[in-house]
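The values are calculated or read from the model by the stated rules, or taken from the named source; none is laboratory data. A quick note: this is a predicted structure, and the numbers were derived from the prediction, not measured. Cβ coordinates were reconstructed from backbone atoms using ideal geometry, including for glycine residues, and neighbour counts include every protein chain displayed. In case anyone asks, the SASA skips ligands and DNA or RNA and just uses the protein heavy atoms, side chains included. Shrake-Rupley method; radii C 1.70, N 1.55, O 1.52, S 1.80 Å.
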Amino acid sequence: MIDFGFSVSPSSRINLDSVDRESFAALAKLEPDVLKCMACGSCSASCTASQFEPTSVRRAILSLQNGQVEQALDLLKGCMMCGKCTMVCPRGINTRHLIISIQKIYGK
Amino acid sequence: MKNNILVIGGGPAGLEASANLKRLGYNVILIEKDKQLGGHLAKWDRLFPDGVSARQTLNALLEEVSGVNCFTETQLQSINVLDKSYNAILSNGITVLADAVLLASGFDLFKAEKKEEYGYGIYEGVITNADLEEAFREKKLPSKQPQAIGFVHCVGSRDEKAGNPACSKVCCATAVKQACEVKEVYPDADVYCFYMDLRMFGRHYEDLYLKAQKEFGIRFIRGRVSEVAETADGRLQVKAEDTLSSKPLRVSLDMLVLMAGMRPSESGKTVGRQLNLTTEEDGFFSSADNLLEIQRSKLPGFFYAGACTGAKTLPDTLHEARSAAIEIDRYIKEKFSEK
Ligand SMILES: Cc1cc2nc3c(=O)[nH]c(=O)nc-3n(C[C@H](O)[C@H](O)[C@H](O)COP(=O)(O)OP(=O)(O)OC[C@H]3O[C@@H](n4cnc5c(N)ncnc54)[C@H](O)[C@@H]3O)c2cc1C
Ligand code: SF4
Ligand code: SF4
Ligand code: SF4
């Protein structure tokens, strides 16, 4: 095939019809507080790792809800488990533990 | 001699004010254009924030007005300002010489079909908050289990194009309440709320939001629904932006509930025209002062209570009704005490 120098980029549109609901339900069972996130961004703002690599618990939760698992894992791979995010979360979510649970359920 | 007070509108505001005026010793004449008293409260099923029965709440208000002269299916034919009082001719032929008038004409629900892109009146699965209340009240929810249900906040509110830049105040709490209620009926359905800001300002409202997330797993998506279309298999396809991730989003739903907002009552406007009452930019009546004299109009002896001066919750409405009764009492005492 002739290479024209183009590539097809995957649609960035979120399609909620094709979200893997079972894995998220399993996560919510293990970590019910994940449902309480109100997207305030305190976790991301205080994250130590985010200075070096894009890291955000808020966006990771949102990505899982939107079915973007790769992106969620990418947003947590720089995490150093310092636990600062847990200290600041106003909804009292144990985000540090949540990160471990996300790895357990979605990590390969 | 007892002074006559005319109350226009038999919704929660008119009922509560009438009961209080009667207690203060006035002769109250309450007129309501519809067949029944109760206004919008008669149309709701359960009330936020605690889920109490709207019917029981209304019955408690109705009990209080026993002894008040209530005329249903009655409107104002004409009204004249006299030296000290008002001469009102009612559509049932009765003439009332009133020393003070209270307007409690409430609101009309925004006509959701005006937001054509949401498909109300076009697609069967698209209903309004009021339709859903009726379905709960009459126990007429679709028996076929929907897979996915969406709630659209701010329909006809915070929308200059729809002619209403104001927030309707009650619809965030209503959406969250109704989302929990449908999830109770259809536990397997995915339920989404499409919001721009969640205005959960009242006591216990934030608890309701937390409960919706934690107990019912309602998914809150920050973004306004831009359009609704039908899929090949007859479901509803909804497009919005998930503004928290800056990505366009789409989802197929079986039911879409539009949170239609509150607009000034058309029949209230008719009264307003008869007396040249002024309104603010939002179309609701203007009080003499928005901080100190909310219940007073600019006309001496003419008062307001409830949603005729802007969107209000039921407790807000009832507070206003009680303060209107106190204000009217003060006005009458100042104006009619013999000196
Ligand atoms: C979908 C929805 C759900 C809601 N749920 C809740 C809830 O759960 N909890 C809560 O606190 N609040 C709730 N509210 C708010 C509540 O409905 C209002 O606060 C309340 O109805 C306002 O009362 P009102 O008497 O001012 O107006 P209305 O209820 O509108 O009553 C006005 C009355 O005046 C009559 N009228 C108007 N003009 C004339 C005229 N010219 N002559 C004679 N009669 C006239 C009308 O027919 C009507 O009966 C909800 C609102 C909406 C839209
Ligand atoms: S635990 Fe991880 S995500 Fe949380 S603040 Fe520390 S580095 Fe960031
Ligand atoms: S701090 Fe807590 S509530 Fe706020 S975005 Fe992070 S996880 Fe969500
Ligand atoms: S109360 Fe909520 S849904 Fe209603 S207009 Fe205001 S922000 Fe929109």
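Data for the structure
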read-out	value
Some residue of the stretch B:253-270 being more than 21 Å from B:A175 (Cα to Cα), in contact with a strand residue (DSSP E or B) (Cβ under 7 Å, 6 or more places away or on another chain) and either of a type in the set (V, I, T) or within 16 Å of ligand 3 (Cβ to nearest atom) (or both)	no
Exclusive hit being small (G, A, S) and more than 15 Å from the chain's Cα centre (by Cα), set B:S91, B:S105	B:S91
Wholly within the stretch B:210-250, strands (runs of 3 or more DSSP E) carrying at least 1 residues that are more than 10 Å from chain A (Cβ to nearest Cβ) and not hydrophobic (A, V, I, L, M, F, W, C)	B:225-230
In the stretch B:184-209, the residues that are closer than 19 Å to B:V155 by Cβ, out of contact with any strand residue (DSSP E or B) (no Cβ under 9 Å at 6 or more places or on another chain) and either outside any loop (DSSP other than H, G, I, E, B) or not assigned by TED's automatic domain parsing to the domain that holds B:T174 (or both)	none
Selected residue [away from ligand 1 (no atom under 12 Å from the Cβ) and of a type outside the set (V, I, T)] from B:K177, B:K214, B:K169	B:K214
Given (1) more than 15 Å from ligand 2 (Cβ to nearest atom); (2) more than 23 Å from B:K214 (Cβ to Cβ), number of the condition A:P54 does not satisfy	(1)
Subset of the stretch B:33-84 (residues that are surrounded by 12 or more Cβ atoms within 10 Å (Cβ to Cβ) and among the hydroxyl-bearing types (S, T, Y))	B:S53, B:T57, B:T72, B:T74
B:D242 being among the acidic types (D, E), within 23 Å of the chain's Cα centre (by Cα) and assigned by TED's automatic domain parsing to the domain that holds B:A173	no
Of residues in the stretch A:49-66 being open to solvent by 40 Å² or more (accessible area, probe 1.4 Å) and not basic (K, R), the one nearest to the chain's Cα centre (by Cα)	A:Q65
Test: residue in the stretch B:271-281 that is modelled with pLDDT of 95 or more, crowded, with 17+ Cβ neighbours inside 10 Å, under 29 Å from B:I31 (Cβ atoms) and not hydrophobic (A, V, I, L, M, F, W, C)	yes
